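The values are calculated or read from the model by the stated rules, or taken from the named source; none is laboratory data. What you see is a predicted model, and the numbers here were worked out from it, not measured in a lab. Positions of Cβ are generated from backbone atoms using ideal geometry, with glycine treated the same way; all protein chains shown enter the neighbour counts. With ligands, DNA and RNA removed, areas are computed over all heavy atoms of the protein, side chains included. Shrake-Rupley method; radii C 1.70, N 1.55, O 1.52, S 1.80 Å.
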There are 2 protein chains.
Amino acid sequence: MFVVIFRARVRQFDEEYSRAAARLRELALTEFGCLEFQAMTEGRDEIALSYWPSEENIRAWKSHPEHLQAQQLGRERWYESYSVQVAEVGRQYRSQ
Amino acid sequence: MFVVIFRARVRQFDEEYSRAAARLRELALTEFGCLEFQAMTEGRDEIALSYWPSEENIRAWKSHPEHLQAQQLGRERWYESYSVQVAEVGRQYRSQ
(Lines give C-alpha, C1' and ligand atoms only; values in the text may rest on other atoms or scores of the structure.)
Protein backbone atom coordinates (compact mmCIF):
# COMPACT_ATOMS: atom_id res chain seq x y z
CA MET A 1 0.00 0.00 0.00
CA PHE A 2 1.15 3.51 -0.80
CA VAL A 3 0.38 6.81 0.89
CA VAL A 4 0.44 10.25 -0.69
CA ILE A 5 1.31 12.90 1.87
CA PHE A 6 0.23 16.35 0.77
CA ARG A 7 1.35 19.17 3.06
CA ALA A 8 0.60 22.80 2.33
CA ARG A 9 0.79 26.32 3.61
CA VAL A 10 -2.53 27.93 2.75
CA ARG A 11 -2.70 31.35 1.09
CA GLN A 12 -6.48 31.60 0.85
CA PHE A 13 -9.39 29.31 0.20
CA ASP A 14 -12.44 30.24 -1.84
CA GLU A 15 -15.66 28.56 -2.89
CA GLU A 16 -13.97 26.92 -5.83
CA TYR A 17 -11.48 25.33 -3.47
CA SER A 18 -14.24 23.61 -1.46
CA ARG A 19 -15.85 22.31 -4.63
CA ALA A 20 -12.56 21.09 -6.09
CA ALA A 21 -11.44 19.45 -2.83
CA ALA A 22 -14.73 17.56 -2.46
CA ARG A 23 -14.71 16.55 -6.12
CA LEU A 24 -11.10 15.32 -6.11
CA ARG A 25 -11.72 13.30 -2.99
CA GLU A 26 -14.80 11.74 -4.57
CA LEU A 27 -12.94 11.00 -7.81
CA ALA A 28 -10.05 9.44 -5.91
CA LEU A 29 -12.35 7.15 -3.91
CA THR A 30 -14.84 6.18 -6.59
CA GLU A 31 -12.85 6.21 -9.83
CA PHE A 32 -9.17 5.73 -9.02
CA GLY A 33 -9.10 3.06 -6.34
CA CYS A 34 -8.17 5.28 -3.40
CA LEU A 35 -8.55 3.25 -0.19
CA GLU A 36 -8.83 6.09 2.32
CA PHE A 37 -8.62 9.85 2.30
CA GLN A 38 -8.08 12.09 5.34
CA ALA A 39 -7.50 15.81 5.20
CA MET A 40 -6.98 18.24 8.06
CA THR A 41 -6.36 21.95 8.44
CA GLU A 42 -4.96 23.76 11.47
CA GLY A 43 -4.51 27.48 11.09
CA ARG A 44 -2.79 27.92 7.74
CA ASP A 45 -1.37 24.40 7.58
CA GLU A 46 -3.04 21.59 5.69
CA ILE A 47 -2.24 17.89 5.62
CA ALA A 48 -4.02 15.45 3.32
CA LEU A 49 -3.25 11.73 3.44
CA SER A 50 -4.54 9.38 0.78
CA TYR A 51 -3.92 5.64 0.64
CA TRP A 52 -3.61 3.63 -2.57
CA PRO A 53 -3.04 0.02 -3.62
CA SER A 54 -0.36 0.92 -6.20
CA GLU A 55 1.63 3.75 -7.74
CA GLU A 56 -0.29 3.26 -10.99
CA ASN A 57 -3.48 4.36 -9.24
CA ILE A 58 -1.71 7.46 -7.95
CA ARG A 59 -0.32 8.34 -11.37
CA ALA A 60 -3.73 7.96 -13.00
CA TRP A 61 -5.36 10.18 -10.36
CA LYS A 62 -2.59 12.75 -10.58
CA SER A 63 -2.97 13.16 -14.33
CA HIS A 64 -6.77 13.36 -14.47
CA PRO A 65 -7.76 16.66 -16.16
CA GLU A 66 -9.72 17.93 -13.14
CA HIS A 67 -6.77 17.18 -10.91
CA LEU A 68 -4.35 18.95 -13.25
CA GLN A 69 -6.58 22.01 -13.19
CA ALA A 70 -6.75 21.90 -9.38
CA GLN A 71 -2.95 21.64 -9.21
CA GLN A 72 -2.66 24.79 -11.25
CA LEU A 73 -5.20 26.68 -9.12
CA GLY A 74 -3.42 25.38 -6.03
CA ARG A 75 -0.13 26.88 -7.15
CA GLU A 76 -1.65 30.13 -8.40
CA ARG A 77 -4.31 30.85 -5.85
CA TRP A 78 -4.87 28.58 -2.85
CA TYR A 79 -1.41 27.69 -1.56
CA GLU A 80 1.68 29.66 -0.68
CA SER A 81 3.62 26.42 -0.94
CA TYR A 82 3.04 22.70 -0.84
CA SER A 83 4.91 19.43 -0.96
CA VAL A 84 3.87 15.97 -2.07
CA GLN A 85 5.53 12.76 -0.94
CA VAL A 86 4.74 9.26 -2.12
CA ALA A 87 5.68 6.57 0.39
CA GLU A 88 5.23 2.82 0.63
CA VAL A 89 3.71 1.62 3.88
CA GLY A 90 5.89 -1.11 5.36
CA ARG A 91 4.22 -1.91 8.66
CA GLN A 92 1.38 -0.62 10.71
CA TYR A 93 -0.24 -1.24 14.04
CA ARG A 94 -3.25 0.02 15.79
CA SER A 95 -4.60 0.49 19.31
CA GLN A 96 -8.31 0.58 19.85
CA MET B 1 13.93 8.49 4.25
CA PHE B 2 11.11 7.07 6.35
CA VAL B 3 7.97 8.67 7.68
CA VAL B 4 5.99 7.64 10.73
CA ILE B 5 2.33 8.49 10.34
CA PHE B 6 0.53 8.65 13.65
CA ARG B 7 -3.24 9.14 13.42
CA ALA B 8 -5.47 9.26 16.45
CA ARG B 9 -8.95 9.86 17.72
CA VAL B 10 -8.57 11.95 20.85
CA ARG B 11 -10.40 11.03 24.05
CA GLN B 12 -9.10 13.87 26.21
CA PHE B 13 -5.89 15.78 26.63
CA ASP B 14 -4.53 16.95 29.96
CA GLU B 15 -1.50 18.88 31.13
CA GLU B 16 0.61 15.76 31.16
CA TYR B 17 -0.19 15.25 27.50
CA SER B 18 1.20 18.66 26.53
CA ARG B 19 4.36 18.01 28.52
CA ALA B 20 4.83 14.53 27.07
CA ALA B 21 4.14 15.66 23.48
CA ALA B 22 6.67 18.49 23.69
CA ARG B 23 9.24 16.26 25.37
CA LEU B 24 8.88 13.42 22.84
CA ARG B 25 9.19 15.82 19.96
CA GLU B 26 12.33 17.31 21.50
CA LEU B 27 13.81 13.86 22.16
CA ALA B 28 13.06 12.76 18.59
CA LEU B 29 14.74 15.80 17.06
CA THR B 30 17.73 16.16 19.36
CA GLU B 31 18.56 12.59 20.44
CA PHE B 32 17.19 10.20 17.85
CA GLY B 33 17.97 11.79 14.52
CA CYS B 34 14.42 12.83 13.56
CA LEU B 35 14.62 15.13 10.52
CA GLU B 36 11.24 16.85 10.83
CA PHE B 37 8.19 16.64 13.03
CA GLN B 38 4.74 18.06 12.25
CA ALA B 39 1.63 17.48 14.33
CA MET B 40 -1.86 18.80 13.78
CA THR B 41 -5.21 18.52 15.53
CA GLU B 42 -8.63 19.24 14.06
CA GLY B 43 -11.57 18.62 16.35
CA ARG B 44 -10.90 15.20 17.86
CA ASP B 45 -8.57 14.01 15.12
CA GLU B 46 -4.82 14.20 15.39
CA ILE B 47 -2.13 13.56 12.79
CA ALA B 48 1.56 13.58 13.58
CA LEU B 49 4.15 13.07 10.87
CA SER B 50 7.79 12.49 11.71
CA TYR B 51 10.59 11.94 9.21
CA TRP B 52 13.64 9.75 9.84
CA PRO B 53 16.79 8.68 7.99
CA SER B 54 16.38 4.99 8.85
CA GLU B 55 14.15 2.44 10.57
CA GLU B 56 16.84 1.99 13.23
CA ASN B 57 16.28 5.57 14.36
CA ILE B 58 12.55 4.91 14.59
CA ARG B 59 13.00 1.73 16.58
CA ALA B 60 15.36 3.44 19.04
CA TRP B 61 12.91 6.32 19.54
CA LYS B 62 9.96 3.97 19.90
CA SER B 63 11.62 1.98 22.67
CA HIS B 64 12.91 4.90 24.73
CA PRO B 65 11.50 4.62 28.29
CA GLU B 66 9.73 8.01 28.13
CA HIS B 67 8.15 7.04 24.84
CA LEU B 68 6.99 3.68 26.20
CA GLN B 69 5.37 5.45 29.13
CA ALA B 70 3.66 7.91 26.78
CA GLN B 71 2.38 5.02 24.64
CA GLN B 72 0.79 3.51 27.73
CA LEU B 73 -0.81 6.81 28.78
CA GLY B 74 -1.95 7.30 25.20
CA ARG B 75 -3.80 3.99 25.21
CA GLU B 76 -5.20 4.41 28.72
CA ARG B 77 -6.04 8.08 28.85
CA TRP B 78 -5.49 10.38 25.87
CA TYR B 79 -6.70 8.43 22.85
CA GLU B 80 -9.82 6.51 21.99
CA SER B 81 -7.86 4.84 19.23
CA TYR B 82 -4.74 5.39 17.17
CA SER B 83 -2.79 3.87 14.34
CA VAL B 84 0.87 4.04 13.42
CA GLN B 85 2.26 3.44 9.95
CA VAL B 86 5.89 3.37 8.93
CA ALA B 87 6.44 4.18 5.26
CA GLU B 88 9.47 4.71 3.03
CA VAL B 89 9.38 7.92 1.01
CA GLY B 90 10.03 7.12 -2.64
CA ARG B 91 9.66 10.45 -4.36
CA GLN B 92 8.69 13.96 -3.48
CA TYR B 93 8.15 17.26 -5.14
CA ARG B 94 7.41 20.73 -3.99
CA SER B 95 5.84 23.93 -5.24
CA GLN B 96 6.86 27.20 -3.71
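What number, rounded to the nearest 500 deg cm²/dmol, is the helix-based mean residue ellipticity at 222 nm of chain A, given -39500 (n - 2.57) per DSSP H run of at least four residues and division by all its residues?
Details: 3 runs with 34 residues, N = 96.
The helix-only estimate for chain A comes to -11000 deg cm²/dmol at 222 nm.
Please give the per residue volume of the convex hull enclosing the alpha carbon atoms of the protein assembly as shown, rounded to a whole number of Å³.
Expressed per residue, the convex hull around the Cα atoms of the protein assembly as shown is 120 Å³.
If you take all C-alpha pairs in the stretch A:41-82, what percent of them are over 17 Å apart?
The proportion of pairs with Cα distances above 17 Å equals 46 percent.
Could you tell me how far the Cα centroid of the stretch A:64-96 sits from the Cα centroid of the stretch B:4-72, in Å?
When both Cα centres are located, 22 Å separates them.
Work through the residues other than B:ALA8 whose Cβ is under 10 Å from its Cβ and net out their charges, Lys, Arg +1 and Asp, Glu -1. Each step should come with its number before you reach the end.
On the way: positive: B:ARG7, B:ARG9, B:ARG11, B:ARG44; negative: B:ASP45, B:GLU46, B:GLU80.
Overall, the nearby charge balance is +1.
Can you give the net charge of the other residues whose Cβ lies under 12 Å from the Cβ of B:ARG91, counting K and R as +1 and D and E as -1?
Numbers: positive: A:ARG59, A:LYS62, B:ARG94; negative: A:GLU55, A:GLU88, B:GLU88.
Neighbour charge sum, excluding B:ARG91 itself: 0.
Looking at the stretch A:64-96, which chymotrypsin sites (Phe, Trp or Tyr not before Pro) are in a loop (DSSP not H, G, I, E or B) and have at most 14 other Cβ atoms within 10 Å?
none
Set the Förster radius R0 to 35 Å, insert the Cβ-Cβ distance between A:GLU76 and B:LEU35 as r into 1/(1 + (r/R0)^6), and round the FRET efficiency to 0.05.
Efficiency, from the Cβ-Cβ distance: 0.70.
In the full protein assembly as shown, how much of A:ARG59 is accessible to a 1.4 Å probe, in Å² to the nearest 10?
That residue has around 120 Å² of solvent-accessible surface.
Could you compute the FRET efficiency for B:ASP14 and A:LEU68, with r as their C-beta to C-beta distance and R0 at 45 Å, rounded to 0.05?
Once rounded, the FRET efficiency stands at 0.45.
Obtain the radius of gyration and the Kirkwood radius of chain A from its C-alpha atoms and give Rg over Rh. List each step's numbers first, then the result.
Working: Rg = 13.5 Å, Rh = 14.0 Å.
Rounded to two decimals, Rg/Rh equals 0.97.
Per Stokes-Einstein, at 37 °C and 0.692 mPa s, what whole-number D in µm² s⁻¹ belongs to the stretch B:1-50, with the Kirkwood radius over Cα pairs as the hydrodynamic radius?
Details: Rh = 11.7 Å.
In µm²/s, the coefficient is 281.
Under the convention of a label 7 Å out along Cα→Cβ, give the distances in nm from A:PHE13 to the same position in every other copy, shortest first.
Once sorted, the set of distances for A:PHE13 reads 1.9 nm.
Which chain B residue comes nearest the axis with its C-beta when you rotate B onto A, and by how many angstrom?
Residue and rounded Å distance to the axis: B:ALA87, 2.
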